[in-house]
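K.L.:
Sharing a structure below in structure tokens format, with a few things to ask.
The values are calculated or read from the model by the stated rules, or taken from the named source; none is laboratory data. Remember, it's a predicted structure, so these values are computed and weren't measured experimentally. Note that we place each Cβ from the backbone using ideal geometry, even for glycine, and neighbour counts take in every protein chain shown.
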Amino acid sequence: MNYTLNNIPERTKKPRQFGFTMAMDKGLSLREVEDFIEVSGDYVDIVKFGWATSYVTPNLKDKIKLYKDAGIPVYFGGTLFEAFIVRNQFDDYRKVLDKYDLSYAEVSDGSIELDHDKKCDYISKLSEQVTVLSEVGSKDEEKIIPPYQWISLMQAELDAGAWKVIGEAREGGNVGLFRSSGEVRSGLVQEILTKIPFEKIIWEAPQKAQQVWFIKLLGCNVNMGNIAPNEVIPLETIRLGLRGDTFSHFLKMTKDN
Amino acid sequence: MNYTLNNIPERTKKPRQFGFTMAMDKGLSLREVEDFIEVSGDYVDIVKFGWATSYVTPNLKDKIKLYKDAGIPVYFGGTLFEAFIVRNQFDDYRKVLDKYDLSYAEVSDGSIELDHDKKCDYISKLSEQVTVLSEVGSKDEEKIIPPYQWISLMQAELDAGAWKVIGEAREGGNVGLFRSSGEVRSGLVQEILTKIPFEKIIWEAPQKAQQVWFIKLLGCNVNMGNIAPNEVIPLETIRLGLRGDTFSHFLKMTKDN
Amino acid sequence: MNYTLNNIPERTKKPRQFGFTMAMDKGLSLREVEDFIEVSGDYVDIVKFGWATSYVTPNLKDKIKLYKDAGIPVYFGGTLFEAFIVRNQFDDYRKVLDKYDLSYAEVSDGSIELDHDKKCDYISKLSEQVTVLSEVGSKDEEKIIPPYQWISLMQAELDAGAWKVIGEAREGGNVGLFRSSGEVRSGLVQEILTKIPFEKIIWEAPQKAQQVWFIKLLGCNVNMGNIAPNEVIPLETIRLGLRGDTFSHFLKMTKDN
């Protein structure tokens, strides 16, 4: 850090198993990636190329290299996996992962109907090739999954070989974990945490109020996902109790100890 | 594209007469323009320097050159035209177009009262000098134009020499084609399309939900305008059915065929 | 300016005592700072490193140098001052200001309870070392300060040595001067202005509707704060009546004269 402040919450350090930040790149240029790494390289643990943007961005190979050289793994969003599955192109998908020499992949079913055994089967197969993140939760506002089912889905996917499970929120933060207003479905989150270890879950929380909510509930080292590149520094200050939103929260904790 | 997915909607290619994307530059630096072109050059057909930002941005000449060298024409927002007209400086406006060697211009009346014959007269005069885009719709929330009038205004402006007509929405997407909530005035759009060929219209749709709405109604090759530079790649995935929002829509179309 | 338009409101020029724009840098890279200066250098008078982002951004020294070389002073957000005060590290804070050779600092109490005499004492002490901006208003939505108290707080802080006082709004623009909806507390602003000279106040107004409101009320040379870097050019056009929002407002004024 640039100077010394006492009683700052202790953050985990790279390589992090928890307390990590997954950022979303939805079409950065090479220079923008360099800029992002210059500013936020120490705070970003993994980068997702949002949904299927990797299909259309022309600088893909070079961009992956920039992130890799900075020690930041990348993976393609789950919607891309689904786009291959729904077209019966699973083998092609595996080849794409090889072509770009990726070591992470996401398995999700946010936009397609996928039998859960079949989904776990894909997780299992892919985990022989790469480290798998699997995502639970629909992109469809109408599909409400009850808490006990979130738990059994998450557990089954971890058992099938997923490294971590992701709680779905979309870029806009308005489905899955969240009501259409963007409000957190808090009872859901708390019930999930009675069964699934918190370090195994990445919470997608693109909006500041959502980040604040999770950090107040689970502490500075909660795993956060879908963070916009220019929001990684602001998020880091929220984690440390150095932004108005969590300033008093962490002070109170210090006094209570 | 970076890899092969079957059954992807077929996009038009540059130079596009329809299916094109107009992006809005409201003050990019030269390097940001280079970055934008690196990432989105194939998907951007024309760039608007938003409203009268060209009056204050210091890098104007060099910026125009960067876009031109990349084969992307630029034009100044309609509000600038209006700023000249309301000051009785039409001749000065024509000289500005010459000074910057522009080959496109926008004629609009979103912020001023302008007799429609007079507006068509301006379109007609300017179209001797440049390719004219004309814009229909007020920036004033209170001014509701009924559908039949949108149609007759658009037709008259095309007859006067406009290359394409633009459906007004402002940067925030909350007037003209849209209710103040941002919701599309769908009856209006559908009635317009019974009379005006869809390739002649550019729909301003800065918000994602609006883009999705138009793409679902008119297909992947609808003309979209007022797109933020960093939203061109996301828009392209929406056009291709590769983002959650249109994923099922295009799959269903494939099955129906 | 790039071309001539008649009857444009007259803006103050650098170095500005009023009519100035304070922008917020919440984690720009060095190149992004260069880009920002290229585009907006003439329109930005001072830059705030938002809240305590300076604690975590790795490029701090070099970034400060870039701004300084362009003649743009920088300062650290008030939340950083508060983070030092609440930890009893005021002397450390003074050393940090020296270490980075800063000539401006902000004193605020948006997140902490601070006796007002004590706050004025800090203003007084710091103003021996640097030029002080002091901020009035809480980040807490629940804390409503009545207008007469805003006035006496502001006056006392100016008397204690503050160069200018800032009306608090947070980055999101939803507290202090604003209702939780983002709407301006207009009676409050007007009452403040009966007693405090308008050139002494910087209004934090991150949202466009708020900027428009202040510019319509106080003219093109009102001091605006918390402006996002890529909104400085748009703000400048609003000040000049060259964006739809203030287009008619300034024309009407011209006619009335």
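K.L.:
Filter the stretch B:45-63 for residues that are crowded, with 21+ Cβ neighbours inside 10 Å and part of a helix (DSSP H, G or I) and give the result.
P.N.:
B:Thr53, B:Ser54, B:Tyr55, B:Lys63
K.L.:
Something else: Of all residues in the stretch C:193-229, which are within 11 Å of C:Phe18 (Cα to Cα) and of a type in the set (Lys, Arg)?
P.N.:
C:Lys200
K.L.:
Name the pairs: first residue in the stretch A:181-192 and surrounded by 15 or more Cβ atoms within 10 Å (Cβ to Cβ), second residue among the hydroxyl-bearing types (Ser, Thr, Tyr) and part of a helix (DSSP H, G or I), Cβ to Cβ under 9 Å, at least 6 apart or on different chains?
P.N.:
Final answer for the pair search is A:Glu191/A:Tyr148.
K.L.:
Spot the failing condition for A:Asp140; the list is (1) at pLDDT below 95; (2) part of a helix (DSSP H, G or I), and only one is missed.
P.N.:
Result: A:Asp140 passes all but (2).
K.L.:
Out of the stretch A:28-50, which residues are in contact (Cβ under 8 Å) with a residue 40 or more places away in the chain and closer than 20 Å to B:Ser40 by Cα?
P.N.:
A:Leu28, A:Glu32, A:Phe36, A:Lys48, A:Gly50
K.L.:
Then there is this: Taking the stretch A:197-209 on its own, how many of its residues are surrounded by fewer than 18 Cβ atoms within 10 Å (Cβ to Cβ) and away from chain C (no Cβ under 14 Å)?
P.N.:
4
K.L.:
Quick one: count up the residues across the stretch A:125-137 that are under 13 Å from A:Ala156 (Cβ atoms) and assigned to a loop (DSSP other than H, G, I, E, B).
P.N.:
Count: 0.
K.L.:
What residue, among those in the stretch A:215-228 that are within 15 Å of A:Gln190 (Cα to Cα) and surrounded by fewer than 21 Cβ atoms within 10 Å (Cβ to Cβ), is modelled with the lowest pLDDT?
P.N.:
Across the stretch A:215-228, the extreme among qualifying residues is A:Leu217.
K.L.:
Counting only residues that are without any contact (Cβ under 8 Å) to a residue 40 or more places away in the chain and more than 9 Å from every other protein chain (Cβ to nearest Cβ), which one in the stretch C:229-246 is surrounded by the fewest Cβ atoms within 10 Å (Cβ to Cβ)?
P.N.:
It comes out as C:Thr246.
K.L.:
Taking the stated definitions as given, is A:Val96 within 14 Å of chain B (Cβ to nearest Cβ), out of contact with any Cys (no Cβ under 6 Å at 6 or more places or on another chain) and of a type in the set (Val, Ile, Thr)?
P.N.:
Against the criterion (within 14 Å of chain B (Cβ to nearest Cβ), out of contact with any Cys (no Cβ under 6 Å at 6 or more places or on another chain) and of a type in the set (Val, Ile, Thr)), A:Val96 qualifies.
K.L.:
Now, a different point. Can you name the residue in the stretch B:9-54 that is hydroxyl-bearing (Ser, Thr, Tyr) and over 14 Å from B:Val74 (Cα atoms) and is also farthest from the other protein chains (Cβ to nearest Cβ) among such residues?
P.N.:
Only one residue tops the list, namely B:Thr12.
K.L.:
Additional query: Taking the conditions exactly as written (within 30 Å of A:Leu97 (Cβ to Cβ), acidic (Asp, Glu) and not in a strand (DSSP E or B)), does B:Glu34 satisfy them or not?
P.N.:
Spelling it out, it is not the case that B:Glu34 is within 30 Å of A:Leu97 (Cβ to Cβ), acidic (Asp, Glu) and not in a strand (DSSP E or B).
K.L.:
Within the stretch C:77-124, how many residues are in a loop (DSSP other than H, G, I, E, B), surrounded by fewer than 22 Cβ atoms within 10 Å (Cβ to Cβ) and on the phi < 0 side of the Ramachandran plot?
P.N.:
The qualifying residues number 9.
K.L.:
Keeping to the stretch A:82-118, report how many residues are touching a residue at least 40 places away in the same chain (Cβ under 8 Å) and touching an Asp or Glu at 6+ places or on another chain (Cβ under 9 Å).
P.N.:
Adding up the residues that qualify gives 5.
K.L.:
Please work out which one of (1) in a loop (DSSP other than H, G, I, E, B); (2) under 22 Å from B:Asn230 (Cβ atoms); (3) not hydroxyl-bearing (Ser, Thr, Tyr) is the condition C:Gly241 fails and give its number.
P.N.:
Here C:Gly241 clears every test but (2).
K.L.:
While we're looking at this one, here's another question. Applying the selection to the stretch B:157-186, what residues are touching a helix residue (DSSP H, G or I) at 6+ places or on another chain (Cβ under 7 Å) and modelled with pLDDT of 80 or more?
P.N.:
B:Glu157, B:Leu158, B:Ala160, B:Gly161, B:Ala162, B:Lys164, B:Val165
K.L.:
Which residues, counting only those in the stretch A:247-257, are part of a helix (DSSP H, G or I) and surrounded by fewer than 22 Cβ atoms within 10 Å (Cβ to Cβ)?
P.N.:
Within the stretch A:247-257, A:Ser248, A:His249, A:Phe250, A:Leu251, A:Lys252, A:Met253, A:Thr254, A:Lys255, A:Asp256 meet the criteria.
K.L.:
Just one of the numbered conditions (1) more than 24 Å from A:Ala23 (Cα to Cα); (2) more than 12 Å from chain B (Cβ to nearest Cβ) is not true of A:Arg87; which one?
P.N.:
Tallying (1) more than 24 Å from A:Ala23 (Cα to Cα); (2) more than 12 Å from chain B (Cβ to nearest Cβ), A:Arg87 fails exactly one: (2).
K.L.:
Answer yes if at least one residue in the stretch B:66-76 is assigned to a strand (DSSP E or B) and within 14 Å of chain C (Cβ to nearest Cβ), and no otherwise.
P.N.:
Yes, the stretch B:66-76 has at least one match.
K.L.:
Let me ask you something else. More than 12 Å from chain C (Cβ to nearest Cβ), of a type in the set (A, V, I, L, M), over 29 Å from C:Pro9 (Cα atoms) and surrounded by 21 or more Cβ atoms within 10 Å (Cβ to Cβ): does that describe B:Ile166?
P.N.:
It is true that B:Ile166 is more than 12 Å from chain C (Cβ to nearest Cβ), of a type in the set (A, V, I, L, M), over 29 Å from C:Pro9 (Cα atoms) and surrounded by 21 or more Cβ atoms within 10 Å (Cβ to Cβ).
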